[in-house]
Amino acid sequence: MTRPRALAFAAACALTFLLATPGSASAALGDFFYTYTDADGVEQRQKVTDPDIPNRQCHNVKEAEDPATTKPAHSPVNETDTNAYVFSDIDCDGTAQVLALGGGRGGVNLKFRSFLFQD
């Protein structure tokens, strides 16, 4: 007869193994939009779409990377199936705001320079 303690230990080990094993790479499916100001001072709307947006990978807004020469992006819209996090600084540093999956929005006052997707 198997001891209950041994069964519990085996189950705990199996659960630990499953949690420690990395999942397959996934991407946010859908579109992410933001507005930036180009070199001529004109606001442009940018669309980022799958498969360009892998989960848990920081993306700098290329049009807003240099604080000395560019303005931050603003007015993000998250039309993906994953929560989006926008950050005030490059490399996903600074203040973070979450945009809910499926239509989360930020207004013109939500300034950011990087973003990532994470479920």
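The values are calculated or read from the model by the stated rules, or taken from the named source; none is laboratory data. These numbers were taken from a predicted model, which means no experiment stands behind them. All Cβ positions, glycine included, derive from the backbone under ideal geometry; neighbour counts span all protein chains shown. Quick note on the areas: whole protein, heavy atoms, side chains included, nothing else; ligands and nucleic acids left out. Shrake-Rupley method; radii C 1.70, N 1.55, O 1.52, S 1.80 Å.
The lone criterion from (1) modelled with pLDDT of 95 or more; (2) touching a strand residue (DSSP E or B) at 6+ places or on another chain (Cβ under 6 Å) left unmet by Asp89 is number (2). Within region 39-54, the presence of at least one residue that is modelled with pLDDT under 95 and polar (S, T, N, Q) is confirmed.
For Ala96, the stated conditions do not hold, so it cannot be described as aliphatic (A, V, I, L, M) and in contact (Cβ under 8 Å) with a residue 24 or more places away in the chain. Taken over region 105-119, the residue count meeting the criterion of being surrounded by 20 or more Cβ atoms within 10 Å (Cβ to Cβ) and closer than 18 Å to Asn83 by Cβ is 6. Taken over region 66-88, the criterion of being β-branched (Val, Ile, Thr), crowded, with 19+ Cβ neighbours inside 10 Å and not in a loop (DSSP other than H, G, I, E, B) is satisfied by Thr80, Val86. When residues in region 89-104 are screened for being open to solvent by 40 Å² or more (accessible area, probe 1.4 Å) and farther than 15 Å from Val48 by Cβ, 11 of them pass.
The set of residues from region 45-65 being without any contact (Cβ under 8 Å) to a residue 40 or more places away in the chain and either open to solvent by less than 70 Å² (accessible area, probe 1.4 Å) or aliphatic (A, V, I, L, M) (or both) comprises Gln46, Val48, Thr49, Asp50, Glu63. Kindly indicate whether Thr69 is over 16 Å from Phe115 (Cβ atoms), in contact with a Ser or Thr (Cβ under 9 Å, 6 or more places away or on another chain) and modelled with pLDDT of 90 or more. The answer is no for Thr69.
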